[in-house]
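I have placed the structure first, in the form of structure tokens, so that the comments after it can refer back to it.
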Amino acid sequence: MRIVLLGAPGSGKGTQAKKLMADRNIPQISTGDMLREAVANGTRFGLKARSIMEAGNLVPDEVVLGIISERLSQPDTQDGFVLDGFPRTTQQALDLEELLDQMGTPLDTAVLMDVDLDILMKRLTGRRTCSLTGKLLNVYFSSQEEIDECRSAGGELIQREDDNEETIGNRLDVYRESTEPLIEFYRERDKLTTINAEGTIDEVYERLTAAL
Ligand code: AMP
């Protein structure tokens with residue numbers, strides 16, 4: 001299956017994409033993760049991307065398109081993929097459409113993950129990653145056991161650089177302005193499926209798989 005997960009920052013795209021990847025044996029392709037990796041590696045391009053990402057703005061379309069077309073040409077995408085965080089602009093969606101048409105592998109569906117603003121804010125401000133296991137946790141929603149598990153193993157709860165309140169506000173504005181129009185884009189193409197993405201990870205995953 002070739003799937004796009006659409007939704008505001010904090011709607012749970014990454015979490016659900018990881019579950020789909022494990023269940024269906026298709027890769028999660030996250031432009032955010034790939035960009036963060038470039039930043040961590042300190043490449044020249046990573047240095048440029050860093051300040052854009054820290055401000056919560058979008059990296060230029062041609063840059064992310066380059067990353068995506070390279071990634072989609074790899075053999076592990078043959079049986080499908082889950083795109084998480086791409087496309088984010090109408091131009092990116094048009095480019096993706098063209099790329100997949102050229103490859104003869106059009107998208108099956110775009111799933112919109114619908115979440116109320118107050119929940120998005122808690123998911124984003126509370127989000128942490130365990131430095132030891134890489135597990136995603138949330139100080140508001142994870143159980144005490146999960147948090148203790150990370151700490152007692154010697155891990156620390158790390159907050160993403162762009163998960164502070166100021167940057168979050170901008171990321172949500174950017175989403176509304178640049179990414180929300182994609183809902184209409186995929187609806188017009190009869191590819192849009194909307195799910196209620198509030199509730200526990202497992203509840204949302206059940207709705208997602210039922211929709212697919
Ligand atoms: P994410 O992990 O998906 O929330 O992405 C983190 C940051 O990476 C975003 O706030 C952008 O600065 C950048 N980014 C990720 N994906 C894209 C994309 N498709 N287009 C432009 N910028 C992106």
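For the range 157-212, the gyration tensor built on C-alpha atoms gives an oblate shape. Its axis ratio a/c (a ≥ b ≥ c) is at least 1.5, and a/b is not larger than b/c. To the nearest ten degrees, helix 90-103 and the longest principal axis of the Cα atoms of the chain are 60 degrees apart. Adding -39500 (n - 2.57) for every DSSP H run of four residues or longer, then dividing by how many residues the chain holds, sets the calculated 222 nm ellipticity at -15000 deg cm²/dmol. Accessible surface for the chain, divided over its residues, is 53 Å² per residue with a 1.4 Å probe.
Do any of 48/135; 135/191; 19/48; 13/48; 13/135 go past 22 Å between their Cα atoms, and which? Before the final figure, lay out the partial values.
Details: 48/135 27 Å; 135/191 31 Å; 19/48 31 Å; 13/48 25 Å; 13/135 15 Å.
The pairs that break the limit, which is 22 Å between Cα atoms, are 48/135; 135/191; 19/48; 13/48.
Residue-wise, which Karplus ³J(HN,Hα) couplings in Hz belong to the range 148-158, taking 6.51 cos²θ - 1.76 cosθ + 1.60, θ = phi - 60°, and x for glycine or proline? For the range 148-158, the Karplus-derived couplings read 5, 4, 5, 5, 6, 7, x, x, 10, 8, 9 Hz, x marking Gly and Pro.
Going by alpha carbons, how many degrees (0 to 90, nearest 10) lie between the helix axis of 201-211 and the longest principal axis of the chain? On a 0 to 90 degree scale, this one is about 10.
Any chance you could give the angle, 0 to 90 degrees and rounded to 10, that helix 31-40 forms with the longest Cα principal axis of the chain? It works out to around 60 degrees.
Can you classify the range 1-128 as rounded, prolate or oblate using the Cα gyration tensor, where a ≥ b ≥ c are the square roots of its eigenvalues, rounded means a/c under 1.5, and otherwise it's prolate if a/b beats b/c and oblate if not? It comes out oblate by the Cα gyration axes.
Heavy atoms only, 1.4 Å probe, whole protein assembly: order 95, 76, 202 by accessible area, highest first.
Numbers: 95 35, 76 75, 202 95 Å².
Correct descending sequence by accessible area is 202, 76, 95.
The values are calculated or read from the model by the stated rules, or taken from the named source; none is laboratory data. This is a predicted model, so every value here is computed, not measured. All accessible areas refer to the heavy atoms of the entire protein, side chains included, with ligands and DNA or RNA removed. Shrake-Rupley method; radii C 1.70, N 1.55, O 1.52, S 1.80 Å.
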